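Here the structure comes first, spelled out in C-alpha cells, and everything after it is commentary.
Computed from the coordinates by the stated procedures, all read-outs in this text should not be read as laboratory data. Everything numeric in this text was worked out from a predicted model, so none of it was measured. Cβ placement follows ideal geometry from the backbone for every residue including glycine, while neighbour counts extend to all protein chains displayed.
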Protein chains: 2
Amino acid sequence: MANNTITAARGFLAAGVACGVKKSGRSDLGLIVCPTGAKAAAVFTTNKVVSAAVRVCREHVKNSEIQAVVVNSGNANTCTGQKGIDNAIKMCSATAEEIEAEAPNVLVASTGIIGEQLPIRKITAGIARAAAKLSASAPAGLDFAKAIMTTDTKPKQAVRRLDISGAEVTIAGAIKGAGMIGPNMATTLSFITTDAAITKPLLKVALRRAVGDSLNKLTVDGHQSTNDTCIILASALAGNRPIVSQCPRYKRFAKVLAQLCDDLAKQMAHDAEGATRIFKVVVKGAATTADAASAARAVADYPLVKCAVHGGDPNWGRIICAVGSVGVKLNPDKLSCKLDEITVFRNGAPKKFDTRKASKVVSQRQHTITVDLGAGKASDFCYGCDLSAEYVRINADYHT
Amino acid sequence: MANNTITAARGFLAAGVACGVKKSGRSDLGLIVCPTGAKAAAVFTTNKVVSAAVRVCREHVKNSEIQAVVVNSGNANTCTGQKGIDNAIKMCSATAEEIEAEAPNVLVASTGIIGEQLPIRKITAGIARAAAKLSASAPAGLDFAKAIMTTDTKPKQAVRRLDISGAEVTIAGAIKGAGMIGPNMATTLSFITTDAAITKPLLKVALRRAVGDSLNKLTVDGHQSTNDTCIILASALAGNRPIVSQCPRYKRFAKVLAQLCDDLAKQMAHDAEGATRIFKVVVKGAATTADAASAARAVADYPLVKCAVHGGDPNWGRIICAVGSVGVKLNPDKLSCKLDEITVFRNGAPKKFDTRKASKVVSQRQHTITVDLGAGKASDFCYGCDLSAEYVRINADYHT
C-alpha cells in the first residue's frame, strides 16, 4: 500500500509520542527529520500576539538548510514571556542534540492552551524518545499526524504525486486544527514535505500562493490563532531537474501543492469543532476582489447562517443580512442568492422555491452559497462550517 | 403603582394585539399614538440592506409632527422589493386613517423573518383592532412591549423621571432584540417616549449620543440587523421650560436619556438568545479610541471567549488572542488582563491566580474583563454575553 503520510516524500523520517503535556495521556510530541537537510519556507499567523514557537521559528526558517521540525500539542507556549522563548529554543536544541544538528537548523511549533509554561523536562525527555523511534514508514508518519492533534477528532493527511522532468515528485502534508480558525493567515499548524528539487525563494512563493487559496479561505470561528504555522520542507531527493525559475515545471509543482493544501483545508473544515457539514460561499458581481472576499467571509462567519446550516434551514435572509452588514458596495435591486442551483432571491426580491428541495441542499455534507452583489465583476470565495451545540460544549469545557 | 411602561410619559397611548403574522398566535402588532403630535428623532441600522419599514420611516421621520408609530413583529418586511415598500406605506396609511392623521405623520417598524411578504390584510385588520384598544394605562404600555417581541423571552421596558425647571419630565422606553445584534448601529427596535418640551434637532443629538454609549456598545452575535430602528417621540406636555439649546437643562435630559438607554441595552443583553450571563469589556492603554473600541468588540464577539464565559472558565488566553487578532496597536511586553479585580496576565507574562476565585468571577451574572494594551492612553468599552447551546438551538430551528 502506498504511504499516504508525511513520510511519503523521499528523505523524511517522522515520529510521535506521548510525553505528558496532555493530561489525557494522548500523543503530544511530534518530530519530522530530514537527515540530508531540506530547503524550508513557512507562513505564520498575522495575530499581533504570537507564540514563543512562532517567534523562534520565524528566525530559524531563514537558515538555508533545515534538518528537523519539533512540535508539541497540549500547550501553546503563548503569553509566556521570556521563559517561553527560552523553552522554545530548548525544544530546538534538544532535538538538534538527538540528530547531531545545530539548534538554528530546527524549526519549532506549539499548539494548545494559552498562558501556561511548557513542562520542558517532559518535552525534552519526549524528544529523546521520539528521536529513537524515527522512521520513514507510514505508521511513523501517522504517529506524527496524531501527535499534533488537539480537539481534532482524527489525524488529517494528504499526499500528491507528479512527474517533473521524468522524476516522480511527492508532496505530503499533515495538518491540525479544529477551532480558532479564521482566514487571512496560515491557519493552524500544517506541515508539508516534498522531495522536489526547488530553490528556497520559489518554495516560499509556491507555499504563499497555495495557502492563500486554501487554508486562508477557511473560517471556523473567524479568529486567527496566536500559533498558526505552515511549514514546507523540500529534500531535493526526487532527482528532478531543479526548479530554479517560474517555468512550466514550477507551475505544475505549485498547482499540485495548491491542490494538496485545498485537500488539507477541507479535511480541517469537516473536522472543525462540532461541525457536521461545510459550505462554500462564492461572492460574484463585486466591485473589487477585496469586497468579494469580505462579503464571503461575512457569510461564512455569521453565527445565524452557521446555525441555519446546522438546522438544514434554507434561511437565505440571514445570508443577505450578513452581506449587507460589512460595508461592501452592492446594488440592492440586483442582489441575488442561490443555494447550489436553487435561486432563492433575485434582483432584490424573493423568488418562490421548493422549501423541501432547498432544505435538502443545505443538509448535504457540502453545499455552495452563491451571492451576486450586482455591483461589478470581481469574485472570491470562502469555506465555512455549521455551528452546533457541540462547538459550545467543546469550548465551554476546554480549560477547566 | 407608578406606570413603568411606554405610556408613562404624558400624551402617549399604546396598544398591542395578535393579528396573525406569527403562526404561534402571539401578540405581533403594536401602536404608539400621540394625539397632540410629537417631535420625533430616530437612528437606523447601517446595514446596506434595509427593511422596507426603515426606508419609509427614514422619510417620514423628517416631518415636524409625528402622531403614531406602528410596529409588527413576526415578519421583517426585508428583501421584499417594491411590494414591501407599498406594504410599509399601507401600514402607515391604515394607522393614519384610524387616528385621523396623515400617513406621512406615522412611523413604521418591522421585525422577524427576512424575505417573506407581509400578510397585509391581517395587519390592517390588526391596526383597526389595536386602535380601538388604545389607552394611556400601564397594561396598554405592556401590551405594546409584548407585541414587538420575537425570540425575546420577556418584555423589556424602562422609565426615568427628572425635574426640569420645576416640571416633572418622564422618559419611557420599550425595546426588543435578542439576536442579530452587533454594535455601531441603532441595534434592534427600540421606542422611547418623553413629555419633555425640546426641539427636534436637540432631540436628535441627545438620541444619537445616548444610543452611541449604550445600544451601540452591545454585541450579541456581532451582526447588525436590516431593521434596526430606535425612535424617540417628545410630546412637550410636561410643562417644562422648552429646551432650545445645549444648556444645563439639555445636559440633564440627555444624561437621563443615556441612563435609560443603558438600562434598556443591559436588559437586552441579559435576554440575548440563549444567554445566561453578560460581561463588559474595557480596553485601556490604546493608541486611539477606535483601537480600544475595536479590541473591546473583538473580545465580546469572539466565540471562544463567549463559550468560556458560558462555562465559567477564566480562559484569559482567548481574550488576549482576540485582542491580538484585530490589528490594533499593542505592546506585547506591556499587555495585561484582569477579570474583575483579579490580574491574570501582566506585562506580557502569566500571573499566578486563584483559579477557583477567577471561575467564580466569570460565573457571575455580570463581570468585567479589563485589557490594557500598553500602547497609549485611549479607552473604550463594549457589552457582550455568553454563547450557549441554547443559542444554536434557537437559531437552527427559527425558520422551518
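Taking only C-alpha pairs under 8 Å that are 6+ residues apart, what is the relative contact order of the range A:13-270 in percent?
Working: 685 pairs, mean separation 61.4, N = 258.
RCO, the range A:13-270: 24 percent.
Counting other Cβ atoms within 10 Å of each Cβ, which trypsin sites (Lys or Arg not before Pro) in the range B:323-400 have at most 12 and sit in a DSSP loop? Don't skip to the answer; put the middle values down first.
Values: sites: B:Lys329, B:Lys334, B:Lys338, B:Arg346, B:Lys351, B:Lys352, B:Arg356, B:Lys357, B:Lys360, B:Arg365, B:Lys377, B:Arg393; in loops: B:Lys329, B:Lys334, B:Lys351, B:Lys352, B:Arg365, B:Lys377.
Hits after loop and neighbour filter: B:Lys352, B:Arg365, B:Lys377.
Using the Kirkwood formula over every pair of different C-alpha atoms, what hydrodynamic radius in Å results for the range B:278-397?
Its Kirkwood hydrodynamic radius stands at 14.2 Å.
Send over the semi-axes of the range A:183-287's equivalent ellipsoid, whole angstrom and largest first, taken as the square roots of 5 times the C-alpha gyration tensor eigenvalues.
Working: eigenvalues 155, 50, 29 Å².
With the √(5λ) rule applied to the range A:183-287, the semi-axes are 28, 16, 12 Å.
With point charges of +1 on the Cβ of Lys and Arg and -1 on the Cβ of Asp and Glu, referenced to the Cα centre of the range A:279-361, which listed residue (A:Phe345, A:Val309, A:Thr289) lies farthest in the positive direction of the dipole?
A:Phe345
Taking the Cβ of each residue in A:Phe345, A:Phe144, B:Phe353 as the centre, tally the other Cβ atoms inside 10 Å and list the residues starting with the fewest.
On the way: A:Phe345 24, A:Phe144 31, B:Phe353 17.
The most exposed by this proxy come first: B:Phe353, A:Phe345, A:Phe144.
Which of B:Val326, B:Val108, B:Val70 ends up with the largest GNM mean-square fluctuation for chain B, with Cα atoms connected below 10 Å?
In the Gaussian network model the winner is B:Val326.
Whole number please: convex hull volume per residue of the Cα set in chain A, in Å³?
That works out to 136 Å³ per residue.
Mind listing the label-point distances from B:Asp213 to the same position on all other copies, shortest first, one decimal in nm, points 7 Å along Cα→Cβ?
Output for B:Asp213: 5.2 nm, nearest copy listed first.
Could you give the distance between the Cα centres of the range B:1-68 and the range A:134-172, to the whole Å?
Centre-to-centre (Cα) distance: 62 Å.
Just add up the charged neighbours of A:His367: K/R +1, D/E -1, any other residue whose Cβ is under 14 Å from the Cβ of A:His367. It would help to have the intermediate numbers written out before the result.
Numbers: positive: A:Lys266, A:Arg277, A:Lys280, A:Lys306, A:Lys338, A:Lys357, A:Lys360, A:Arg365; negative: A:Asp313, A:Asp340, A:Glu341, A:Asp386.
So the environment of A:His367 carries a net charge of +4.
Lys and Arg at +1, Asp and Glu at -1: add these up for the other residues within a Cβ distance under 13 Å of A:Pro332 and post the number.
Numbers: positive: A:Lys329, A:Lys334, A:Arg346, B:Lys48, B:Arg55; negative: A:Asp333, A:Asp372.
Taking every other residue near A:Pro332 into account, the sum is +3.
How far apart are the A:Thr355 label points across copies, placing each 7 Å from Cα toward Cβ, in nm, shortest first?
Distances between equivalent label points, in nm: 4.8.
Rank the residues B:Thr288, B:Thr95 as a footprinting-exposure proxy: fewest other Cβ atoms within 10 Å of their Cβ go first. It would help to have the intermediate numbers written out before the result.
Working: B:Thr288 15, B:Thr95 26.
Starting with the residue having the fewest Cβ neighbours, the order is B:Thr288, B:Thr95.
So what does the Cα-only Debye profile of the protein assembly as shown read at q = 0.09 Å⁻¹, as log10 I(q)/I(0), no solvent term?
-0.85
Mind checking the dipole of the range A:278-397: about its Cα centre, +1 per Lys or Arg Cβ, -1 per Asp or Glu Cβ, Debye to the nearest 20?
Details: 17 positive and 12 negative charges, 77 e Å.
Around 360 debye, computed over the range A:278-397.
Between 0 and 90 degrees, rounded to the nearest ten: what's the tilt of helix A:248-270 against the longest Cα principal axis of chain A?
It is inclined by approximately 70 degrees.
Give me the percent relative contact order of the range B:1-115, please, defined on Cα pairs under 8 angstrom at least 6 residues apart. Don't jump to the answer; show the numbers that get you there.
Working: 214 pairs, mean separation 29.4, N = 115.
Relative contact order of the range B:1-115: 26 percent.
B:Cys247 label points, 7 Å along Cα→Cβ, one per copy: pairwise distances from this copy to the rest in nm, shortest first?
Nearest first, the other copies' label points are 8.6 nm away.
Which of B:Ser235, B:Ser73, B:Ser245 ends up with the largest GNM mean-square fluctuation for chain B, with Cα atoms connected below 10 Å?
In this elastic network of chain B, the residue with the biggest mean-square fluctuation among B:Ser235, B:Ser73, B:Ser245 is B:Ser245.
Would you work out which of A:Ala396, A:Ala96, B:Leu31 lies farthest towards the positive end of the dipole of the protein assembly as shown, given +1 charges on the beta-carbon of Lys and Arg and -1 on that of Asp and Glu, about the Cα centre?
A:Ala96
To test your reading of the geometry: what angle, between 0 and 90 degrees and rounded to tens, separates the Cα axis of helix A:200-212 from the longest principal axis of chain A?
On a 0 to 90 degree scale, this one is about 30.
Using +1 at the Cβ of each Lys and Arg and -1 at the Cβ of each Asp and Glu in the protein assembly as shown, identify which of B:Asn75, B:Ile148, B:Val244 lies farthest towards the dipole's positive end.
Of the listed residues, the answer is B:Val244.
Once you list every other residue whose beta carbon is under 12 Å from the beta carbon of B:Glu65, what net charge do they have if Lys and Arg are +1 and Asp and Glu are -1?
Numbers: positive: B:Lys39, B:Lys62, B:Lys200; negative: B:Glu102.
Surrounding charge for B:Glu65 is +2.
Which residue is it, in chain B, that holds its beta carbon closest to the axis of the B-onto-A rotation, and how many whole angstrom away?
Closest Cβ to the B-to-A rotation axis, residue and whole-Å distance: B:Ala389, 2.
Under unit Cβ charges (Lys, Arg +1; Asp, Glu -1), what dipole magnitude, rounded to 20 debye, does the range A:77-150 have relative to its Cα centre?
Working: 7 positive and 7 negative charges, 56 e Å.
Roughly 260 debye, rounded to the nearest 20.
Can you tell me the dipole magnitude for the protein assembly as shown around its Cα centre, using point charges on the Cβ only (Lys, Arg +1; Asp, Glu -1), in Debye to the nearest 20?
Dipole about the Cα centre, nearest 20: 440 debye.
From the helices alone, meaning DSSP H stretches of at least four residues, give me the mean residue ellipticity at 222 nm for chain B, per-run term -39500 (n - 2.57), in deg cm²/dmol to the nearest 500. All intermediate terms of the calculation are to be shown ahead of the outcome.
Details: 11 runs with 135 residues, N = 400.
Roughly -10500 deg cm²/dmol at 222 nm, from the helical runs in chain B.
I want to verify a result. In a Gaussian network model of chain B, Cα cutoff 10 Å, which of these has the top mean-square fluctuation: B:Ser93, B:Ser64, B:Ser294?
Answer for the Gaussian network model of chain B: B:Ser64.
Cα axis of helix A:289-301 to longest principal axis of chain A: angle in degrees, 0 to 90, nearest 10?
Tilt relative to chain A: about 90 degrees.
State the Cα centre-to-centre distance between the range B:254-302 and the range B:104-131 in whole Å.
One Cα centre to the other: 32 Å.
Around A:Asp380, which amide H atoms from residues at least 5 apart in sequence, or from another chain, sit under 5 Å from its own amide H, with H modelled in the peptide plane?
Under 5 Å from the amide H of A:Asp380: A:Val283.
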